[in-house]
Every structure is written in C-alpha cells, then in structure tokens.
Amino acid sequence: MAEQTQKLWKDWRLHLVVLAIVIVTESIGVHSIPLGPGVILLLPMLYAVIIGLALYFTPLVKEKQSINAEPLVFLSVSVLIAKFGVNAGPAISQIIEAGPALLLQELGNLGTIFLALPIAVFLGIKRESIGMTHSIGREANLALITDKFGLSSPEGRGVMAMYIFGTVFGSIFIGLISGFLATVTPLHPLSFAMATGVGSGSMAAAALGPLVAAYPDMSEQLTAFSGVSNLISSVTGLYMSIFVGLPVTIKLYEILSRRKEAKVKGSVGYVKKP
Amino acid sequence: MLKNLKEWILVFLIIGAIMMVGNWVGYDVMPLDSIPGLAALIGISLAGLIIHRLLPFQIPSIAYIGIIGLVLTLPGVPGSEQIVAWTAQVNLLAIATPILAYAGVSIGRSWYDFVQLGWKTIVVGMFVLLGTFLGSALIAEVVLRMQGII
C-alpha cells in the first residue's frame, strides 16, 4: 500500500474534487426520512459517495483520479481509526466491562452464512455461494478464497462478485440500513455500535455515522465501542474466516444443496465434491 | 522509508485540510480550533504506519493506529486529557465524509463490473451485509443484557 502513495499528493484534480464534494455535501447537511416507526438518515457521507461515483462519468474525474483515490481511502481511514482510538482510551473501563459482548459479537459475523447462504442456494446459486456468503468478502477474504480455490473456480467467482458488490454498494447500503435498524428494532444503539466492526473501514464509517447522528448524546461511547469492535475485527477477522467461517459455510452448503437435490430429483444441479 | 514518510506527511496534510474544511462547513468548528485535534490524529496515524513498517508481525497497520490512540488517551497517561480535548473538536462525521468521497471516486472504476452482476448476486449481497451487521448486534444485545449493562 505504501508504495502506491508515491506522488499521490500531486493529484490536485482529485483533491479539489473531493474538497468540492465535502463543501457541497456538508452544506446540504443531515436529512431524515421517516419510514414507519423508524428513520432513514441521509448523511453528507452518503451524498459524498454517490456524487463521487457520478463524477467518475464526467470529464472532471479521469481514470487516473479513480486509481489514486483507492490508497487515499486507506490513508483517510487511518485518521478515522485514530479517532476511534482516542475515543476508546477514556472509555476503557466501560470497554472492559463490555468485553464479553465485544468479543462474542465477532461470532455474529457468521450471521451472513446462516442468513445469506440459504437464500443463495434457494435462488439456485451453486458453489459460487460459498465464496459469496462465507464472509462480507473484503480484500482479506478475496485472498483467502483465491489461495484455497483459485480465482477462476466457482468459489473464486463468488467471492469476486461479492467483492465488487461490496465495493460499489456496501457503504451506501449499510449507511441506509444502520440508522433505520437502530431506530426501528428494540436493540440498543450500543449493540449496533459493536456491530459496525464488519471488516471494512469505509463500511464501518458508513454504519457508525447514522448511529452518531441519531443518538448524538451517546456519540463518544458509540464511537469508542465501534472502534474497539473494528480493532478486534481487523486482528481476528481473517482467522475467524479460515477456522470457522469457511468450514461452516462449506458444511452448510453441502447440507442445503443435498436437501434441495432430494426435492428436485433428476435436476442437473448436482455438483460433485472436489 | 524516508521517501515514503515525506509522501505520507504531504498526503495527510491535504486530507487534514479537507477534513478541517468539512468540520467548519458542516459542524461550525473554526479551523483554528480543529487544527490541534487533526494534528494529533494524523500524528497517531503516522506513528501506526511507521511502526507497522518497522515491526515484522502480520498485524494490519490500522490495529497499531487504534492501539496507539487508545493507549495515549487512557486515564492517567500524561497529556491524555489534552489529546482528548483536542480531538473532541474533530467531528466523526467530518472525518467520514472525505473518506467516502474518495471511495466514491475510486469505485467508479468498478461500476462496469457492478452492472454485470446478476440480480441474484445483488439480493444475496444485501443479505450478506444484513446478516453480519444484524448477527453481531443481536449477540452484543444478548450479552449486554445478560450482564445488565443495558
């Protein structure tokens, strides 16, 4: 990553575009759409990702800016992580008290397997579904699946599809549902703050933003818990996938596809185990 | 390393300036009030990146950055209150907006691949994100309630 930062500061076109986006979106400010008993929060960061994406199709942003923007996401996320850290220090006693919840919620990342894998198999997706649903499919998981199955295998195609989906739509989607779920479900905002450590910096920012905007009085505590959750995910996430996530996904896929096979006799969908 | 360090510092100065403007426009924090906090956050980020380069462990640099920020602000650490007071001036959302603006520009390149994805992938993808987010929140809720924290 560091090698890519060469001459990044010189891309004035990119920095000016981002500065303009920031001024415009922050001027628009936060808007909320009531939806049933909950609220969907529209934050400047949400407009920012959409405007940034739209500008790619104008002459203002060229391929070069888009390429340079990627390491800049990483470097600006590091400022966010530092902010997480300085909020976590003063809250250390609360964090230790909530330690069991913070550690155990990591297992919740397996929720993707139990929720999304049955849906994928139901929709008729074959072994691609293993790559798609064993995790949220960020860089580390892309590497893991490529290493284990190869990128051109069905599993590899699955994780690649999810990587592209998450890259383009992840922060927009999670930014929209985070505030809504926190206001519509009886779950405590602190629980959602702990859930923001999903293994991607920009998705964590997009998930935490609406929580902070919806519960400004708890902003520092929410940020602290989100930060620790992100820290735990960044250290343990890949190992969780290697030792728990992927084996569980493969096992569950075999059970689900066998059951589906039994129902739809004589279908051509049977996939031999490698 | 030294060359990288110079690049990092220049890039952080630009990112910091953009965050400063956002913090001013969106959250009415005057630039002079947010400069110490931004400088502290950038210093912590740089320290984390440098330590990541120097140590041989397979730990992501953001883990070092988070831990440095946490340790510096622990109650009782000299100067911790000052860092907390400075960084409190930098609104979380003002940090997040430039991140997602850069992210937006960067994902433009993936748009063509994105529209090639079938509707099934989109549906499954939404449940993947929903599953991990809701799964973690549910477990956290159960444990926090059992402990009587919430």
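To the nearest whole percent, what portion of all C-alpha pairs in region B:24-150 is separated by more than 27 angstrom? Looking at region B:24-150, the distances longer than 27 Å represent 49 percent of pairs.
When the Debye formula is applied to the Cα atoms of region A:88-157, each taken as the same point scatterer, what base-10 log of I(q)/I(0) results at q = 0.17, 0.24, 0.26 Å⁻¹? Values returned for q = 0.17, 0.24, 0.26 Å⁻¹ are -0.69, -0.99, -1.09.
Cα centroids of region A:177-192 and region B:61-136: 18 Å apart. Using C-alpha pairs under 8 Å with a sequence gap of at least 6, the mean separation divided by the residue count of region A:4-153 gives a relative contact order of 16 percent. Taking Cα atoms only, the orientation of helix A:219-240 departs from the longest principal axis of chain A by about 40 degrees. Residues whose amide H lies under 5 Å from that of residue A:32, counting only those 5 or more places away or on a different chain, are A:42; hydrogens are built 1.01 Å from N in the peptide plane. Can you pull the one-decimal nm distance between simple spin-label points at residue A:10 and residue A:236, each 7 Å off the Cα toward Cβ? Label-label distance for residue A:10 and residue A:236, simple model: 4.5 nm.
With the largest listed first and rounded to whole Å, the semi-axes of the equivalent ellipsoid of the protein assembly as shown from the Cα gyration tensor are 34, 25, 21.
With charges only on Cβ, +1 for K and R and -1 for D and E, what is the dipole size of the protein assembly as shown about its Cα centre, in debye, rounded to 20?
Details: 25 positive and 21 negative charges, 335 e Å.
Magnitude of the dipole: close to 1620 debye.
A straight chain from residue A:261 to residue A:64 at 0.36 nm per residue would run longer than the Cα-Cα distance by 66.1 nm. Treating each Cα of region A:153-274 as an identical point scatterer and summing with the Debye formula, the log10 of I(q)/I(0) at q = 0.13, 0.19, 0.20 Å⁻¹ comes to -0.69, -1.04, -1.09. Here is the P(r) of region B:87-131: all C-alpha pair distances, binned every 10 Å from 0, give 22, 30, 33, 13, 3 in whole percents. Of the residues A:129, A:76, A:233, the one that moves most in a GNM of chain A with alpha-carbon contacts below 10 Å is A:76.
Divide the volume of the convex hull around the Cα atoms of region A:1-105 by the residue count and you get 179 Å³ per residue. Using just its DSSP H runs of length 4 or more, each adding -39500 (n - 2.57), chain A gives a mean residue ellipticity at 222 nm of -21000 deg cm²/dmol after division by all residues.
Of A:228, A:105, A:77, whose Cα points farthest to the positive end of the dipole of chain A (charges on the beta-carbon: +1 Lys, Arg; -1 Asp, Glu; origin at the Cα centre)? Final value for the positive-end residue is A:105.
Kirkwood radius for region A:79-263, taken over all pairs of different Cα atoms as the inverse mean of 1/r, rounds to 17.1 Å. Volume per residue for region B:28-96 equals 91 cubic angstrom (convex hull of Cα atoms). Across peptide B:14-26, the average count of Cβ atoms from other chains found within 10 Å of a residue's Cβ is 6.
Using a 10 Å cut-off around each Cβ of peptide B:116-123, what is the average number of partner chain Cβ atoms that fall inside?
Details: counts 2, 7, 3, 1, 9, 11, 4, 5.
The per-residue average across the peptide is 5.
Around the amide H of residue A:39, modelled in the peptide plane, lie the amide H atoms of A:183, A:184, all under 5 Å away and 5 or more residues distant in sequence or on another chain. Within the listed set A:149, A:57, A:173, the residue fluctuating most in the Gaussian network model of chain A (springs between alpha-carbon atoms under 10 angstrom) is A:57.
Using only side-chain charges placed at the Cβ, +1 for Lys and Arg and -1 for Asp and Glu, the dipole size of region B:2-111 relative to its Cα centre rounds to 460 debye. Between the beta carbons of residue B:27 and residue B:145, assuming R0 = 30 Å, the FRET efficiency works out to 0.35 to the nearest 0.05. Both numbers refer to the Cα atoms of region A:150-218; Rg and Dmax are 14.6, 49 Å. Short-range pairs are left out: with C-alpha atoms under 8 Å and at least six residues apart, the relative contact order of chain A is 22 percent.
GNM remark for chain B: springs join alpha carbons under 10 Å apart, and the peak mean-square fluctuation among B:123, B:21, B:77 falls on B:123. Peptide B:53-64 shows a mean partner chain C-beta count of 3 within 10 Å per residue C-beta.
Since every read-out is calculated from the coordinates, none of them should be taken as a lab result. Computed from a prediction, not measured in an experiment: that's the story for all the values here. Virtual Cβ from ideal backbone geometry, glycine too; neighbours counted across all protein chains shown.
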